[in-house]
Every structure is written in structure tokens, then in C-alpha cells.
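Structure first, commentary second.
Just so it is clear, none of the values below were taken in a lab; they were calculated from the coordinates. The structure displayed is predicted, hence computed values, not measured ones. Because the Cβ atoms are built from the backbone with ideal geometry, glycine has one as well, and the counts that use them run over all protein chains shown.
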Amino acid sequence: MPTTVRPRRSVLYMPGANTRALEKGRTLPADGLILDLEDSVAPDAKGEARTNIIAALAEGGYGNREILVRVNALETPWGRDDIAALAGCGADALLLPKVESAEHVREADALMADNGAPADMALWCMMETPRAMLRAEEIAGASPRLGGFVMGTSDLAKDLGCAHTPDRLPMLTSLGLCVLAAKAEGLAILDGVLLDLSDDEGFEAACRQGADMGFDGKTLIHPKTIEAANRVFAPSEEDIAWSEKIIAAHAEAEKDGKGIVLVDGKLIENLHVESARRLVAMAAMIKEAEAP
């Protein structure tokens, strides 16, 4: 399924074992939530966390936030049961960790279908291992149900044996491969988390880098980072004004049979107008979502 275009500037992980966190998620200004059954949940709390998430989603109250549930990997004792239990939970998507092949995607897709998942419930993939990076194109095209990628940069750095440098140079090849594969298939893609919650400047710089690279937003581990992610990944007022200006100028030029126009000394053609329209549409969706 082509992924739904919607704001995904900030997507916050919420541990499924923490009912207070699941409740708080209803009030936070994040564009999306990942209700987690994997890394943030201890083995002896997996079943309880699954029950908590199902109950929270049945209660509702999450508004227009996009809701993903991260299940456990298929190879674990809990992964298949997670998918079976959550296929009808009402979330927008299930997020599958440790994906390393198209077969992983197809297996999860089949489990979802066998357990009654509606056709519009997407499947997202955590991209977090070297093998996943090398197979990003294969994974991205594996299933019509696929909705997006989420970068697992902490696990990736561990497997690569690389440093978490401020410029993320050791991971740029991996990030770029996943962006290319996602965009080629029309998928959403979210950047990985920043673990140092004391580094506000570093977090904002990572958001800017991710936005520049083409990520749709950033995954977060604390509500304090929502504001910066929302701000950096949103179109600026200057970008909105420029986009509206070139859309109007190009429309006038087309009336005269021209496909190209100069605006403030810059050559504008249809490809620039298409990007401008997407930006203006996203700004309108953000404004609507943030309306009281």
C-alpha cells in the first residue's frame, strides 16, 4: 500500500508495560507513538505489556496520532503471538524488529492476514543490522502492506562497531541506503533515536541532518524532545511563503504557455512546483493536527 501522507515529525516510543506512559501518550503533542513490546519490556512482562496495549487501544483517546505497535522479533518466543494478538487491535501499523530479508516481511504479512488484520493495517520494518542495510531495496519492495522504515541506529552502531559521532559519519552510508530504498517504494522513513537526553544542541543538529537527508521525522525516547523534532521537521514560514510564491508564479507562466519561470532570479520548473505543493500540503496538515 502506498503510505499515507501525514505528519510524522515526532514519533515517541512508549513502553507497553507502563500503563501511565500509555495514558500520557494521549496528551502529548507527538505526531505518532510506538507502543513497545520489544526492547523496553522485560521478558517476564511481555504478556502483561501486550494486554496493556490492547486495552489502551480499545479505550482509544489517541486522537489523530499515528499509532504503531512494535512487536517482538519473529525468532523470539513472543513475536508470533504478538502479531496474532495485535492484528485486530486498531493500531495503524505493526512494527517488526530485526528485519533482514524480504522473507521476514512476507512471513509477518502472512501472520497478520491469517489473524484478521484489516487491509489498511500497515507493516513497518525496523532497519537495524548490517544485513538489513545491504538488503534495504529487497525489503522495501517485499509486500504491498509495507508502510515504512524505522532506523534502529543504536543496534546498528553496535553491530557495525562504530562510534556515535555528532556528524554520524560512520552511519551515513547505512542511513542513505535506507532513505533511497524507502523513497523508491513510496514508504515513510523515520530516523533513529538520540540516547543522550542532556544534549539538546546535538539532538537538534541530528534532526536537521535527518530532515536534510529526506527523513520524514525522528523517533524519540522522551517527551522533552518532541518540541524540537516538531519544529525542525515542519516546513518553516519562509519555506511556506516561498513555495506559495513559486506555485502562483508558475501557474501564471503556464497561462502564457510557459513551463519555466524566473522567480527572484531563480529558475522554477514543474519539479520545483511539485515539491512546493507537497510542502504546502504538509504545512496545512500540521496546522490542522495542531488546531485546538
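For the reader, a short list of remarks on this structure follows.
- Residue among Trp242, Ala281, Gly265 farthest towards the positive dipole end of region 237-290, charges placed on Cβ: Gly265
- Karplus 3J(HN,Hα) series, Hz, for region 158-172 with 6.51 cos²θ - 1.76 cosθ + 1.60 (x for Gly, Pro): 4, 5, 6, x, 9, 8, 8, 7, x, 8, 6, 4, x, 10, 5
- Exposure proxy ranking, count of Cβ atoms within 10 Å, fewest first, for Leu197, Leu37: Leu197, Leu37
- Share of Cα-Cα pairs in region 146-292 lying beyond 18 Å, as whole percent: 65 percent
- Segment Ala45-Glu288, extension gain: residue separation times 0.36 nm, minus the distance between their alpha carbons: 83.7 nm
- Inverting the pair-averaged 1/r between distinct Cα atoms of region 10-233 gives 17.4 Å as its Kirkwood hydrodynamic radius.
- Anisotropy class of region 1-119 from Cα gyration tensor, a/c 1.5 cut: oblate
- For the pair Ser198 and Asn64, label points projected 7 Å from Cα toward Cβ lie 3.9 nm apart.
- Which of Gly16, Leu68, Leu57, positive extreme of dipole for region 10-233 (C-beta unit charges): Leu57
- Net length gained if the chain between Val5 and Ala110 were fully extended (0.36 nm per residue, minus Cα distance): 35.3 nm
- Coupling constants for region 191-198 follow from the phi torsions by the Karplus curve (6.51 cos²θ - 1.76 cosθ + 1.60, θ = phi - 60°), and in residue order they are 6, x, 7, 10, 7, 7, 6, 8 Hz; glycine and proline get x.
- Distance in nm between pseudo-label sites at Ile221 and Leu262 (7 Å out along the Cβ direction from Cα): 5.3 nm
- Relative exposure of Glu137, Glu59, judged by other C-beta atoms within 10 Å (fewest first): Glu59, Glu137
- Close amide H partners of Met126, meaning residues 5 or more places away or on another chain with modelled amide H under 5 Å apart, are Leu96, Lys98, Val99, Val150.
- For the chain, the relative contact order comes to 17 percent (Cα pairs under 8 Å, sequence separation of at least 6).
- Rounded to the nearest 500, the helix-only mean residue ellipticity at 222 nm of the chain stands at -14000 deg cm²/dmol, with each DSSP H run of n ≥ 4 adding -39,500 (n - 2.57).
- Most tightly packed first, judged by the mean number of other beta-carbon atoms within 10 Å of their residues, the peptides 38-45, 8-15 read 8-15, 38-45.
- Under-5 Å amide H pairs with Leu12, H placed in peptide plane, nonlocal only: Gly32, Leu33, Ile34, Leu220
- Taking Phe215, Phe203 and counting other C-beta atoms within 10 Å, the order from fewest to most: Phe203, Phe215
- Fluctuation leader among Ile67, Ile247, Ile34 - the chain, Gaussian network, Cα springs under 10 angstrom: Ile247
- For region 237-290, the equivalent ellipsoid derived from the alpha-carbon gyration tensor has semi-axes of 23, 11, 8 Å in decreasing order.
- In nm, spacing of pseudo-spin labels at Leu271 and Leu134 (7 Å Cα→C-beta vector): 3.3 nm
- About the Cα centre, charge dipole magnitude for the chain (Lys/Arg +1, Asp/Glu -1 at Cβ), debye: 260 debye
- Rounded to the nearest Hz, the phi-derived 3J(HN,Hα) couplings of region 67-83 under the Karplus curve 6.51 cos²θ - 1.76 cosθ + 1.60 (θ = phi - 60°) are 10, 10, 10, 8, 7, 7, 4, 4, 7, 8, x, 10, x, 5, 5, 4, 5, where x marks glycine and proline.
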